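Each value in this text was obtained by applying a stated rule to the coordinates, not by laboratory testing. Remember, predicted model here, so these are calculated numbers, not experimental data. Note: ideal-geometry Cβ built from the backbone for every residue, glycine included; neighbour counts use all protein chains shown.
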Amino acid sequence: MSDAAVVSLHAHASYRPDLGQLARNQLAAARAAKGLSHSEFAALLGTMLGWPVGAEAVEAWETTAVPPGDVLVAAELLVRQGPPAALTDGGARDALTQIVGDRFADLAGVYTSRAELQAELPVTGLFDTASDIRACGLSLNMLCQTIADARLREIIEEGTTLRCLFLKPYGRFIAEREAEEGYPEGRLSALTAMNLTIMQERVAARLSPEASERLQIGVYDSPIRFNIFLIDQLCVAQPYLPEVRGVDSPTLLIRKRRPSGGLYATFDQVFSSLWEGREAE
């Protein structure tokens, strides 16, 4: 193999990279990666940036003008987001949280309490369009006390599958949790029994035969560690902490971003394990 001359750029003090052209190339590459026209890409950029972007501006940024820094950041977020169809009403947030999620194992948000989460994401908004809901915890108040039983029936009648798993009333582990939270004996058991009655008598018993097959209710009697709601590709999870009510515990919002691994898969496995060992109701 013949020797090749290597030219060092350091030896050419006058050399200056054309940063403007590099920025133009970066924007053009982002649009090409998405397979979009100038107008389509402009519309998505506008969603990300919060101000209108025209197709002419995109074309100019790719050919003659230098694209602003926030435009380049938005373009990079769009490339990371995936297909354009993934950008729904919350597209801008999803694109940003995907990068965070890649770094923090699917974590999309952290809230100091369940109330703080629900102030930003009302339960009805989480459940209304869901096709599959799985819930396990203690009394499942987020399901039984937040949503009207009539609305729960509607959701199931419209095609949603719901599996809910309560900590067994008057069992060993709910008694331990009552003592840990400082409640009189039987307090949490009574609340859980009431929520079970709501699900059985006011929801399950009033469903059509076809819809009733989409609702399953169970109880389990084992140490309680998390309150978990798996809503399609979203997960809301709270730990049970010493002397702290579940509603006051830090709340994790998790979005599934990969076929396996990550926090979503972890809580999916926890639910599946508890469900397999449940007692039918």
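Name the shape class, rounded, prolate or oblate, that the alpha-carbon gyration tensor gives for the range 25-85, where a ≥ b ≥ c are the square roots of its eigenvalues, rounded holds for a/c under 1.5, and otherwise prolate holds if a/b is larger than b/c and oblate otherwise.
It is rounded, given that a/c, with a ≥ b ≥ c, falls under 1.5.
Given R₀ = 51 Å, FRET efficiency for residue 51-residue 279 by Cβ-Cβ distance, to 0.05?
For R0 = 51 Å, the calculated efficiency reads 0.35.
State, to one decimal in nm, how far the label point of residue 200 lies from the label point of residue 128, with both points 7 Å from Cα in the Cβ direction.
3.2 nm
State, to one decimal in nm, how far the label point of residue 112 lies from the label point of residue 18, with both points 7 Å from Cα in the Cβ direction.
Taking the simple label geometry, residue 112 and residue 18 are separated by 5.3 nm.
Could you sort the peptides 154-163, 30-39 by per-residue average Cβ neighbour count (10 Å cutoff), highest mean leading?
154-163, 30-39
Kindly work out what percent of the DSSP beta bridges joining two residues of the range 117-236 are antiparallel, to the nearest 5.
Numbers: 7 of 18 bridges.
Of all bridge pairs located within the range 117-236, approximately 40 percent are antiparallel.
What ranking do 136-149, 221-234, 201-214, 56-69 get when scored by the average of other Cβ atoms within 10 Å per residue, highest first?
Numbers: 136-149: 19.6, 221-234: 17.6, 201-214: 14.4, 56-69: 15.9.
Descending packing order for the listed peptides: 136-149, 221-234, 56-69, 201-214.
From the C-alpha coordinates alone, can you work out the Kirkwood hydrodynamic radius of the range 179-269, in Å? Don't jump to the answer; show the numbers that get you there.
Details: mean 1/r = 0.0637 Å⁻¹.
Computed over Cα pairs of the range 179-269, the Kirkwood hydrodynamic radius comes out at 15.7 Å.
If amide H atoms are built 1.01 Å from N in the plane of the peptide, which residues on other chains or at least 5 residues away come under 5 Å of the amide H of residue 222?
Here the answer is 168, since their amide H atoms fall under 5 Å of that of residue 222.
Round to the nearest 0.05 the FRET efficiency obtained for residue 180 and residue 213 when R0 = 25 Å and r is the Cβ-Cβ distance. Please list the in-between numbers first.
Working: r = 37 Å, r/R0 = 1.48.
In this case the efficiency is close to 0.10.
Checking the a/c ratio against 1.5 first, then a/b against b/c, what shape does the Cα gyration tensor give for the range 108-167?
Values: a/c = 1.77, a/b = 1.39, b/c = 1.28.
Here the range 108-167 falls in the prolate category.
In whole Å, how far is the Cα centre of the range 239-259 from that of the range 48-73?
39 Å
According to the Cα gyration tensor, what semi-axes, each the square root of 5 times an eigenvalue, does the equivalent ellipsoid of the range 103-246 have, listed from largest to smallest in whole Å?
24, 21, 12
Considering amide H positions built from the backbone, and no H for Pro or chain starts, which residues 5 or more places from residue 108, or on another chain, come under 5 Å of its amide H?
Under 5 Å from the amide H of residue 108 lie the amide H atoms of 253, 254, 255, each far enough along the sequence or on another chain.
Once both labels are modelled 7 Å past Cα along the beta-carbon direction, what's the residue 121-residue 32 spacing in nm?
3.7 nm
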